[in-house]
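Written out below as structure tokens is the structure these notes cover.
The values are calculated or read from the model by the stated rules, or taken from the named source; none is laboratory data. As the structure is a computational prediction, the values presented were derived from the model and not from experiment. Because the Cβ atoms are built from the backbone with ideal geometry, glycine has one as well, and the counts that use them run over all protein chains shown. Surface accessibility is based on the protein's heavy atoms, side chains included, excluding ligands, DNA and RNA. Shrake-Rupley method; radii C 1.70, N 1.55, O 1.52, S 1.80 Å.
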Amino acid sequence: AKFDSKAWVCVSDHFNALTVAKTILEAITDEKDESGNLEMVHKKLKEKLKGKKFLLILDDIWNQRRDEWEAVQTPLSYAAPGSKILVTTRDEKVASNMQSKVHRLKQLREDECWKVFEKHASKDYNIELNDELKEIGSRIVDKCKGLPLALKTIGCLLRTKSSISDWKSVLVSDIWDLPNEDNEIIPALFLSYHHLPSHLKRCFAYCALFPKDYEFVKEELILLWMAESFLQCSQIRHPEEVGEQYFNDLLSRSFFQQSTTEKRFVMHDLLNDLAKYVCGDICFRLKFDKGKYIPKTTRHFSFEFDHVKCC
């Protein structure tokens, strides 16, 4: 089907009708909107969509409140017949609240799981895995339970480990048997973090300051690491060079990924959960983390300017 407008909006678990509406508007117009009034944003959306057929993807929804959904949907109803809204969620209650057809995604098939794992574990097929590594690898793949992100990150981990003993140690790790926490930290992701060098662990955990789906600039993150003295520098290499290496190491291990926005990067929300889990209360995000008060153990604090009012 042909659509006049297409937009992909990442929502995640911090749902706000104004923020979602503004994000939809910005995705459609490719322009930043500074409006702080929901009615004004709705008016602009109505003007942009009236009589047009659009495809809107709302990715990773957690909000279960019907009234907030209705607030977002109001201007969308002026679009032309044939417009489509596709919602992705991991919460069945959200799917039922949408009062529409539900499509349950199946896990990857066994052969598909192996292809994803092998691609990342063998450096894009440049190195052929021997029979013993294949046997161990297939058992590790089973433990990833068909989750592409887990297969990708654990494959990237094993790409750095060429010995059979290293692969066996990953296979028999106790981390696979850890019970799921409330935020559903996936053992394969925690295992990949566990095997990071200590200097990379610290840099990754610091990224718990970022809200989910936050798009960041590599150079700005490196400067933040420099300010915290996270970079192990020498007289030969400049801090920026060391930071670049750290960043690329985390990128190659799939802890970061390229954003759809040029020269920006994001963290998958499950890896964002992992960063928050490993840093505990050391990092606190205003309006995103639970609790009315900042814990005494907090050492790093972040907030959005939209949530700050000046007198």
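Output the residues belonging to segment 130-165 that are assigned to a helix (DSSP H, G or I) and over 28 Å from the mean Cα position of the chain (by Cα). Residues satisfying the conditions are ASP131, GLU132, LEU133, LYS134, GLU135, ILE136, ILE164, SER165.
Residue-by-condition table, conditions (1) open to solvent by 80 Å² or more (accessible area, probe 1.4 Å); (2) at pLDDT 90 or above:
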position: ASP177; (1), (2): yes, no
position: LEU189; (1), (2): no, yes
position: LYS201; (1), (2): no, yes
position: CYS233; (1), (2): no, no
position: ILE236; (1), (2): yes, no
position: GLU240; (1), (2): yes, yes
position: GLN245; (1), (2): no, yes
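Only one entry in PHE256, PHE303 is open to solvent by less than 20 Å² (accessible area, probe 1.4 Å) and either in the same structural domain as LEU149 (by the TED database) or without any contact (Cβ under 8 Å) to a residue 60 or more places away in the chain (or both), namely PHE256.
Restricting segment 75-97 to residues that are part of a helix (DSSP H, G or I) and closer than 18 Å to GLU26 by Cβ, the residue that is nearest to the chain's Cα centre (by Cα) is LEU76. Restricting attention to segment 11-52, the residues that are closer than 24 Å to PRO81 by Cα and either under 28 Å from the mean Cα position of the chain (by Cα) or of a type in the set (S, T, N, Q) (or both) total 15. Screening VAL217 on (1) more than 24 Å from SER192 (Cα to Cα); (2) among the hydrophobic types (A, V, I, L, M, F, W, C); (3) surrounded by fewer than 15 Cβ atoms within 10 Å (Cβ to Cβ) shows it passes everything except condition (1). Here the condition is being aromatic (Phe, Trp, Tyr) and assigned to a helix (DSSP H, G or I); of TYR246, TYR214, it holds for TYR246 alone. Consider segment 1-16 and keep the residues that are at pLDDT below 80 and among the small types (Gly, Ala, Ser). The one that is least open to solvent (accessible area, probe 1.4 Å) is SER12. Just to be sure, is PHE284 under 22 Å from LEU189 (Cα atoms) and either outside the structural domain of PHE210 (by the TED database) or modelled with pLDDT of 90 or more (or both)? Criteria not met by PHE284. On the basis of being assigned to a helix (DSSP H, G or I), modelled with pLDDT under 85, in contact with a helix residue (DSSP H, G or I) (Cβ under 9 Å, 6 or more places away or on another chain) and not polar (S, T, N, Q), does ASP306 make the cut? Yes; evaluated as a whole, the condition is true for this residue.
Annotation note: of LYS32, LYS93, the sole residue that is under 27 Å from PHE3 (Cα atoms) and surrounded by fewer than 14 Cβ atoms within 10 Å (Cβ to Cβ) is LYS32.
When LYS161, LYS152, LYS143 are checked against the criterion of being surrounded by fewer than 19 Cβ atoms within 10 Å (Cβ to Cβ), under 18 Å from LEU108 (Cβ atoms) and either at pLDDT below 95 or in the same structural domain as LEU231 (by the TED database) (or both), LYS143 stands alone in meeting it.
Of the numbered criteria (1) in a loop (DSSP other than H, G, I, E, B); (2) touching a strand residue (DSSP E or B) at 6+ places or on another chain (Cβ under 9 Å), the one CYS207 fails is (1). Residues that are small (Gly, Ala, Ser) and modelled with pLDDT of 90 or more were ranked within segment 247-272; the one that is farthest from LYS212 (Cα to Cα) is SER252.
Against the condition assigned by the TED database to the domain that holds GLY155 and closer than 26 Å to LEU270 by Cα, how does TRP69 come out, does it pass? Considered against the rule, which asks whether it is assigned by the TED database to the domain that holds GLY155 and closer than 26 Å to LEU270 by Cα, TRP69 comes out as no.
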